[in-house]
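These notes are about the structure you will find just below.
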Amino acid sequence: MLAQMNTLRQDCAPNIAPDVIHSLEAQIAGFEPSLDRSLESRLYIARMVVQECWRQFMYIYLYMGLCGANSHDTRVGKVLKRFIKVLDRVKPGRMPDAFLVTPMSLAGIAAHTDRDRNIIRQHFRSLSEYFRWGTYVNDGALILETIWATADAENRPAVWPDLRLACEAVTGIV
């Protein structure tokens, strides 16, 4: 599904037919987590958190990346609220945060309150790679901070194209 969304973004965004958007929303909503209930409870919860955060990220990517919504759009706000609620219910730590770097980096574009941003920061800082320059975790966190700083300095909501500019500023890669 992510590959389909990437192709749509490249070829059509933001002019994607409403029926395609509704179909993607239905696919995201219909996603059934693959969980083994025989796992110890801590591992079960961590896997549930990872899969639910990825689901919420997919909605944010749909609305911001494909539909062109900004971080203050009501659809984005509702989804971000669910993302943060799930993330905030688990203690920052290697498990599950190592599996949440991508959704935190990208769904985090929508975060505009200090509280939401700080929750994401805490989870990034739980990973040792955050403190090592040039790692994916460090770059992801710096890209996110750059997006937030830019949107704040320009007194506007963040938009998906901010990601490209921040990637170039932090990594030199577009």
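The values are calculated or read from the model by the stated rules, or taken from the named source; none is laboratory data. Every value quoted in this text rests on a predicted model; they were computed, and no experiment measured them. Here the Cβ is made from the backbone with ideal geometry for all residues, glycine too, and neighbour counts use every protein chain on show.
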* Asked: Within segment 54-68, is there a residue that is of a type in the set (Lys, Arg) and either within 22 Å of Asp162 (Cβ to Cβ) or at pLDDT below 90 (or both)?
  -> no
* Asked: If you go through segment 77-103, how many residues are in contact with a His (Cβ under 6 Å, 6 or more places away or on another chain) and either farther than 11 Å from Val50 by Cβ or basic (Lys, Arg) (or both)?
  -> 1
* Within the set of pairs 6 or more residues apart or between chains, which connect a residue that is on the phi > 0 side of the Ramachandran plot inside segment 2-19 to a residue that is of a type outside the set (Lys, Arg) and part of a loop (DSSP other than H, G, I, E, B) with Cβ atoms less than 6 Å apart? -> none
* Working only within segment 42-78, note down all residues that are within 14 Å of Phe31 (Cβ to Cβ) and of a type in the set (Val, Ile, Thr). => Val50
* To do: Determine the pairs where a residue that is assigned to a helix (DSSP H, G or I) and surrounded by 14 or more Cβ atoms within 10 Å (Cβ to Cβ), located within segment 68-79, has a partner that is hydrophobic (A, V, I, L, M, F, W, C) and at pLDDT 95 or above with Cβ atoms under 7 Å apart, the partner being 6 or more residues away or on another chain.
  => Arg75/Ala69; Val76/Ile60; Val76/Met64; Val76/Ala69; Val76/Ala110; Val79/Ile60
* How about segment 29-66: which of its residues are in a loop (DSSP other than H, G, I, E, B), more than 20 Å from Met1 (Cβ to Cβ) and aromatic (Phe, Trp, Tyr)? -> none
* **Positions within segment 157-174 being closer than 22 Å to Tyr59 by Cβ and assigned to a loop (DSSP other than H, G, I, E, B), in sequence order** => Pro157, Ala158, Val159, Trp160
* Selection from segment 1-25 of residues that are small (Gly, Ala, Ser) and either surrounded by 10 or more Cβ atoms within 10 Å (Cβ to Cβ) or outside any helix (DSSP H, G or I) (or both) -> Ala13, Ala17, Ser23
* To do: Please enumerate the residues belonging to segment 114-158 that are under 16 Å from Val174 (Cα atoms) and not polar (S, T, N, Q).
  => Gly134, Tyr136, Asp139, Gly140, Leu142, Ile143, Leu144, Ile147
* Using beta carbons and a limit of 7 Å, which pairs, at least six apart or on different chains, have the first residue in segment 115-135 and closer than 15 Å to Trp148 by Cα and the second one of a type in the set (D, E, K, R)? -> Ile119/Asp88
